[in-house]
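S.K.: Quick one: the structure is below, and I'll ask about it shortly.
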Amino acid sequence: MTRSSRREAGHRRLAMRLPQMRTLIMKARDPWQLELFEAYQMAVEARDRLRRRQFNLRLVREYEETCVEIEQHVIRAMHEAPYPNYRLVP
């Protein structure tokens with residue numbers, strides 16, 4: 001998978017995973033946000049690959065934690081992003 005396709009896949013996956021942030025995620029285009037989307041996709045791919053192989057459950061849990069941490073980073077990034085037409089309600 002190419003870098004741009006990973007970013008787009010992570011973009012879509014996060015929009016589905018975080019429905020309360022979907023509009024902001026889909027409008028995100030800043031390079032640092034796109035890097036988060038790509039990192040998320042890479043972590044999900046690694047986690048899923050390990051799950052299929054039933055390789056190492058400890059490592060699967062580590063990737064699951066990494067995915068959750070990236071989701072939290074995305075939520076913070078969306079709160080910090082300057083979107084004048086959208087306002088997040090706590």
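Taken together, the values in this text are just the output of simple stated rules run on the coordinates, not laboratory data. All values reported here derive from a predicted model rather than from experimental measurement. Reconstructed Cβ throughout: ideal geometry from the backbone, glycine too, with neighbour counts over all protein chains shown.
S.K.: Only one of the listed values, (i) 47; (ii) 52; (iii) 66, was derived from the coordinates as percent of Cα pairs over 16 Å apart; which label is it?
M.R.: (ii)
S.K.: By the scheme Lys and Arg +1, Asp and Glu -1, what is the net charge of all other residues having a beta-carbon under 14 Å from that of Q72?
M.R.: Around Q72, the charge tally is -3.
S.K.: Hey, in the GNM for the chain with a 10 angstrom Cα cutoff, which one of L18, L59, L36 fluctuates hardest?
M.R.: The residue that fluctuates most here is L59.
S.K.: Right, next: Test of understanding: in a Gaussian network model of the chain with alpha carbons linked when under 10 Å, which of Q72, Q54, Q33 would top the mean-square fluctuation ranking?
M.R.: Largest GNM mean-square fluctuation: Q54.
S.K.: Mind giving me the FRET efficiency for E62 and M26? R0 is 25 Å, r the Cβ-Cβ distance, nearest 0.05 is fine.
M.R.: 0.30
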